[in-house]
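The block underneath contains the structure these notes are about, expressed in structure tokens.
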Amino acid sequence: MLGAIIGDIIGSVYEFNNKKQKDFHLFTPMSRFTDDTVMTLAVAEWLTEDKEHSEEGLVLRMQDLGRRYPYVGYGGGFRRWLYNQQPQPYNSYGNGSAMRVSPIAFYAQSLEETLRLATISAKITHNHPEGIKGAKAIASTTYLARTGASKKEIKVYVEANFKYNLNLQLDDIRSIVCDAMSCQKTVPAAIWAFLEGKDFEDVIRIAVSLGGDSDTIAAMAGSIAQAFYGLPQILATHCYALLTPYLRTILNKFEESIGILAPDPFDIERFIKAQNADNTYQRALEEMQRGHKTSHWIWFIFPQLKGLGHSRYSQYYGLADADETRTFLENSCLNERLREITNALLIHKDRNIESLMGSSVDALKLKSSMTLFDAISPNDIFGKVLETFYDGKKDKNTVQKIGKTLKGHTSNN
């Protein structure tokens, strides 16, 4: 299911602003989750919590989650349904039914159950035969991929049961989906992208390169690709971090319920790997004990919030929000090392911080890092660094960004 979310996030910046090629940036500062992700997680929550799998239970969860996230790109018909006190299906054949269906394929224990639940999930809004058909096609294709079917077997099944033409050429598909949002045009395109791709990332790149409703096509293709190939850690970690704490909780509960919960969804292990490589942490500690930083390691020993720096290192090692920062501190190895090297800094309390850190730039990065950890663990050693070297002043950008994530965590959004 996270495969669909990854496809949605990667495709979000290219929706009807298309890249007709596979060579594009997977993520930009504008990359975000959309309605595809929110409704996918609503279906996941329904499967986790409503053991009867009732239509009423799904309506309740879709309306609740949709109203929590009102500005993520809903279509007009769905938005009206979302806020209707007595919501009724509106005979849609749009791809909204297929974009949200992937959790069913990971939850169901048989193809028959997959098709039954996919029908329920679609018809509460998209009760047009093509809307239901599209949801069943993506769900069943993902289920078959998950349970060991080959691409040839999947293609034969789709063509026989859904009558989609999967033998078109790339240019033909691009001309079909250029302005399409219907199941009958975008669902076969997503399945085609999966069949053509050689691994998960390649599937997503092909799906986005088709053009049109790129986030939804990539979300549908991503769900199938996850089931067939698994997920690249770096893509999974990046997109997991872009979810809000509330949405992460839904995802975690669903994955735990079906036995696929990732043990380290933030990939906190990446910090330990970087610190251990070439004995980097020990070298950094010795530099701080001597009172002069001379090598490059600040990103993964004194990490900042993601988005404050622009280098690939600051993006890769940036902490997403308060949740990931807490997870960093909860890791016994990282916590111990962070405190040890911070104490080494404080030995030189009479020194200039720019001299200690080797540059004004790294002194600012340290200030940002200490501001971040002080926000999560106040009245701790991190605040002492701010008092000792920065006259108690915190980094304003970090305060602003972490304040937003703390507020979001408190309000469950």
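Every number in this text was worked out from the coordinates using simple rules, so none of it is lab data. From a predicted model like this one, the values you see are computed outputs, not experimental measurements. Here Cβ is always computed from backbone atoms with ideal geometry, including for glycine, and neighbour counts include all displayed protein chains.
3J(HN,Hα) along the range 223-234, derived from phi through the Karplus expression 6.51 cos²θ - 1.76 cosθ + 1.60 where θ = phi - 60°, amounts to 5, 5, 5, 4, 5, 8, 9, x, 10, x, 4, 5 Hz, with x in place of Gly and Pro.
Would you list His53, His25, His128, His292 from fewest to most Cβ contacts within 10 Å? Can you show the working numbers first?
Numbers: His53 16, His25 10, His128 21, His292 13.
Lowest count first: His25, His292, His53, His128.
Between the amide H of Gly94 and those of Cys183, distances stay under 5 Å, these residues lying 5 or more places away or on another chain, with hydrogens modeled in the peptide plane.
Order of Val208, Val72, Val13 from fewest to most other C-beta atoms within 10 Å? Write down the numbers at each step before the final one.
Details: Val208 29, Val72 17, Val13 20.
By the 10 Å Cβ count, ascending, the order reads Val72, Val13, Val208.
Semi-axes, largest first, in whole Å: what does sqrt of 5 times each Cα gyration tensor eigenvalue give for the chain? Could the numbers behind the result be given before it?
On the way: eigenvalues 401, 95, 66 Å².
Over the Cα atoms of the chain, the semi-axes work out to 45, 22, 18 Å.
Summing Cβ point charges (Lys, Arg +1; Asp, Glu -1) relative to the Cα centre of the range 269-410 gives a dipole of roughly 360 debye.
Taking the Cα atoms of the range 1-140, the ratio Rg/Rh between the radius of gyration and the Kirkwood radius comes to 0.97.
Could you compute Rg(Cα) / (2.2 N^0.38 Å) for the range 269-410, with N its residue count? Provide the component values of the computation, followed by the final result.
Details: Rg = 13.9 Å, N = 142, 2.2 N^0.38 = 14.5 Å.
In units of the 2.2 N^0.38 Å rule of thumb, it is 0.96.
For the chain, the dipole from Cβ point charges (+1 on Lys and Arg, -1 on Asp and Glu) about the Cα centre works out to 620 debye, to the nearest 20.
For the chain, relative contact order (Cα pairs under 8 Å, six or more residues apart, normalised by length) works out to 17 percent.
Since only Leu2, Tyr71, Leu231 are under comparison, the one whose Cα sits farthest along the positive direction of the charge dipole of the range 2-257, derived from C-beta charges on Lys, Arg, Asp and Glu, is Tyr71. From the largest down, the range 143-247 spans 40, 33, 23 angstrom on the principal axes of its Cα atoms. Remark: spin-label model distance His25-Gln289 equals 4.2 nm, labels positioned 7 Å along the Cα→Cβ axis.
A simple rule links phi to the HN-Hα coupling: the Karplus curve 6.51 cos²θ - 1.76 cosθ + 1.60 with θ = phi - 60°, which for the range 313-327 gives 5, 5, 6, 5, 9, x, 8, 5, 5, 4, 4, 5, 5, 4, 4 Hz, with x for Gly and Pro.
Loop-only trypsin sites (Lys or Arg not before Pro) in the range 82-187, please: DSSP not H, G, I, E or B, and at most 15 other Cβ atoms within 10 Å. Filter output for the range 82-187: Lys163.
Relative to the longest principal axis of the Cα atoms of the chain, helix 183-196 runs at roughly 60 degrees. Pairs of Lys residues in the range 2-257, spaced 8 or more positions apart or belonging to different chains, with C-alpha separations under 15 angstrom: 13 in total.
Taken as Cα centroids, the range 11-39 and the range 236-274 sit 21 Å apart, rounded to the nearest whole angstrom.
Among the lysines, which fall within straight-line cross-link reach of Lys396, defined as a Cα-Cα distance under 17 Å, with same-chain neighbours fewer than 8 residues apart omitted? Output for Lys396: Lys306, Lys365, Lys367, Lys404, Lys407. Which residue, Gly94, Gly222, Gly148, tops the fluctuation ranking in a GNM of the chain built on C-alpha contacts under 10 Å? So, out of Gly94, Gly222, Gly148, the one fluctuating most is Gly148.
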